[in-house]
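Below: one structure, written as C-alpha cells.
The values are calculated or read from the model by the stated rules, or taken from the named source; none is laboratory data. Only a predicted model underlies this, so the values are computations on that prediction, with no experimental measurement involved. Methodologically, a virtual Cβ is constructed for each residue, glycine included, from the backbone with ideal geometry; neighbour enumeration extends over all protein chains shown.
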Amino acid sequence: MTHILKKIDVNNFSKIFRRYKHHKEHWSVLKKKNKGKDKALEHFDDFYKSVYGSSWEKIREAMLIENNKHVAIVNNFSDHEAIAEKLSLLGAMNLKSLYEIHKKNYEERIKSRASETTSNKIYKMNQPVEMILQNQRQSELQSIFPESYHVPDQLLAQKEDKKKYHPDSDDDDDDELLKSKNIMDPVQLRSMEENVKVHQDENRIIKSSVGLTSSCLYEYVPATKLKGLDDYVLESDHYGHYAQGADFSAKIEKEAILNIPEYLKIYTFESGNDSRFPSPRRVHYDVYDYYLMDGCSILPVLALDLQMGDTVLDMCAAPGGKSLAMLQTLMTYILVANDSSQSRSRHMNEVFQDYLGDFDAWKEKLFLTRHDARAIEDKHIYNKILVDVPCTTDRHNLHADENNIFSPTRVKERLRLPELQTEILLQALKIVAPGGTVVYSTCSLSPVQNDGVVQMALKKCSEEMESVMIVKNLDEALAPLRFIYKFATNCGLKYGHVAIPTKNNNWGPMYFCKIVKLP
C-alpha cells in the first residue's frame, strides 16, 4: 500500500467544487417561487387600489381569509319544513323575512325625510320677506371673504343702512367694505399644496416608434418607476377592449323592488356571526337537505326576478348552484343548464341528482346541455337568461395554485377574458325574447370584466340589432339588503352593482347587472 502511494503524484489531483441545491419543497425555494396566487395578489394590489381607493385594504383583508361565508338554500324536494326549523335552531335567519322588515323600515325613513323636507319648505315660505332679504345679503357678503372668516355684524348693519338711505347705490362698492371695522384682520393662509392637485403622469412606457428625437426621452423618470415594455403589451390589449365602448351610453331606469320568491328559502347568520353551517346530509327521499353557496352568489338569481312559468337559460351553469336555486323557486316552466366543459357538466349533473332525486321526473322541465355559449342560437325562446361568465374568480385565485388563471401558462387566456365575456353576453342579448331579462354576473372586482363588458356588449348590440336594451338601476331595490350586504360605491360603476366582502360578512365579491330587452 505504501509503495502504491509513493508512486501517486498528489499535485496531479484537480479540485472540483460542487454546489448542492435545496430540494424543491425546501422553504427557501418556495419563498423565492412566484406562484399564481402571488401574481394574483400583486395584480389586485396594483389595479383594485386605484379603483376602490381606501376601501381596497378592507376588501383585501377579507378576501385573504380562505373560508368565506355561506348561505343555506332549503331543498324543497325533501322535508323542507323540518329543514327550515333545523336551520332556525342553529341561529340562522330567513333572508326574505329580514328583507321585508328592513324594506318596511327603509320606506318609513324615506317618508320621514320627505316630510321633513316639505316642512322646511313651508317654514321658509312663511318667513318674512325682510328676513329672506337679510339672509340673501348675508350670503352675498360671506362670498367676498374666505370661508373661515365671519362677516362682522356691523358690516351687515352698514350695508342695510346704505340700502335704506341710498337705494340707488351700488351693492358692490368696495370702498364701503374697507371702512368696516376689523375688515383687515389677518386670515389663515393656506399652502399651495392644499389647493392645487398636480396630476402625475403615470405613463412610464417609451415606445420605440416615437424616435430618438422625441421630447419624452428627456423627461425624468425615477428608476423605481421603470418597467419593461413586455410586461404591458398584452395588458394594454386587455384594457384597450374596455376603452372601445367608452363613447357609448345606454339607457338606465330605476327599479325599486327586489322580488324574493316565496318558496326560495335562504338562511344566513346575522352580520358579524362567522358560524359555519354543518355539511348537508341525506335525509328524506335520499336527497340532501340544503345546499351551501357563497352568500353573494344568490344575488344574480334574485336580480333575474323569476316569475311563474318562466323559460330560463343558464348559459354558464356549472357547478350548478344558481340553477339549483332557480329550481327551488318552483316557478320555472323549463330550465336549460348549459356549460361547455365536460368535467364541469358532469359535476353539475351529480349536483342535480343529489338534490332532485328521481332525475327522470325532470326530463320535461330540466335540460342539461354542453355547448359553447356563444353558439347558442335558440332565439326568442327564453325570457330569462343568466350569464354567469368565466372570470378571474378573484377570491379563489388568491388561495389556489393549481390551475390558477394568473399562472404564466394562462396569461393569454386571462387577458382574453373580457373579449370572451362580451361575446357571451352579446349572444344572450340577441336570443332573449322581447320583454325578457338578461342578468350578467362575475365573481370579480375588475371594472374591465364588469361594467366594461356590459358597455361593450350593449354598444355592439345597438350596432347589430334594432332592439332597445334598458339597464336597470337596482340601488333602491337593494337598499333593504344593506343591513347584511355591502355594495361598492364611488368606484365608477355605471351599470351594475358589486357586492364586496367585509370583515362582518365575508362573502363575495359578486358583480351583477340587469338588462331588459324592450318588446
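Observations, loosely collected:
- Among the residues making up the stretch 303-343, those that are among the acidic types (Asp, Glu) and touching a helix residue (DSSP H, G or I) at 6+ places or on another chain (Cβ under 7 Å) are ASP314, ASP339.
- Any helices (runs of 4 or more DSSP H) falling wholly within the stretch 408-519 and containing at least 2 residues that are closer than 18 Å to LYS384 by Cα: 417-431, 451-464
- Evaluation of MET465 against (1) within 30 Å of PHE269 (Cβ to Cβ); (2) modelled with pLDDT under 95 (one fails), failing number: (1)
- Applying the set (1) of a type in the set (A, V, I, L, M); (2) assigned to a loop (DSSP other than H, G, I, E, B); (3) over 22 Å from the mean Cα position of the chain (by Cα) to LEU313 leaves exactly one unmet item: (2).
- Restricting attention to the stretch 316-330, the residues that are assigned to a loop (DSSP other than H, G, I, E, B) and crowded, with 19+ Cβ neighbours inside 10 Å add up to 6.
- Note on the stretch 420-450: residues that are more than 28 Å from LEU335 (Cβ to Cβ) and of a type outside the set (Val, Ile, Thr) amount to 3.
- THR422 vs. criteria modelled with pLDDT of 95 or more, more than 19 Å from the chain's Cα centre (by Cα), under 28 Å from TRP507 (Cβ atoms) and of a type in the set (Val, Ile, Thr): no
- Among residues of the stretch 475-508 being touching a helix residue (DSSP H, G or I) at 6+ places or on another chain (Cβ under 7 Å) and of a type in the set (Lys, Arg), the one that is nearest to LYS58 (Cα to Cα) is LYS503.
- When residues of the stretch 413-462 are limited to those that are among the acidic types (Asp, Glu) and in contact (Cβ under 8 Å) with a residue 60 or more places away in the chain, the one surrounded by the most Cβ atoms within 10 Å (Cβ to Cβ): ASP451
- Residue ID - nearest to ILE298 (Cα to Cα), chosen from residues in the stretch 102-125 that are surrounded by fewer than 13 Cβ atoms within 10 Å (Cβ to Cβ) and either at pLDDT 95 or above or acidic (Asp, Glu) (or both): GLU108
- A search for C-beta distances below 6 Å between a residue of the stretch 94-112 that is over 26 Å from GLU81 (Cβ atoms) and any residue that is assigned to a helix (DSSP H, G or I) and of a type in the set (A, V, I, L, M), counting only pairs 6+ apart in sequence or on different chains, returns TYR106/ALA479.
- Counted residues, the stretch 248-296 - those being part of a loop (DSSP other than H, G, I, E, B), surrounded by 12 or more Cβ atoms within 10 Å (Cβ to Cβ) and acidic (Asp, Glu): 4
- The single condition among (1) touching a Ser or Thr at 6+ places or on another chain (Cβ under 8 Å); (2) of a type outside the set (D, E, K, R); (3) within 18 Å of SER249 (Cβ to Cβ) that LEU493 does not meet is (1).
Conditions (1) modelled with pLDDT under 95; (2) part of a helix (DSSP H, G or I); (3) farther than 30 Å from GLY435 by Cα, marked per residue:
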| position | (1), (2), (3) |
| --- | --- |
| GLU364 | yes, no, no |
| HIS371 | no, no, no |
| PRO390 | no, no, no |
| HIS396 | no, yes, yes |
| ASP401 | yes, no, yes |
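- Subset of the stretch 275-313 (residues that are touching a Ser or Thr at 6+ places or on another chain (Cβ under 7 Å) and aromatic (Phe, Trp, Tyr)): TYR285
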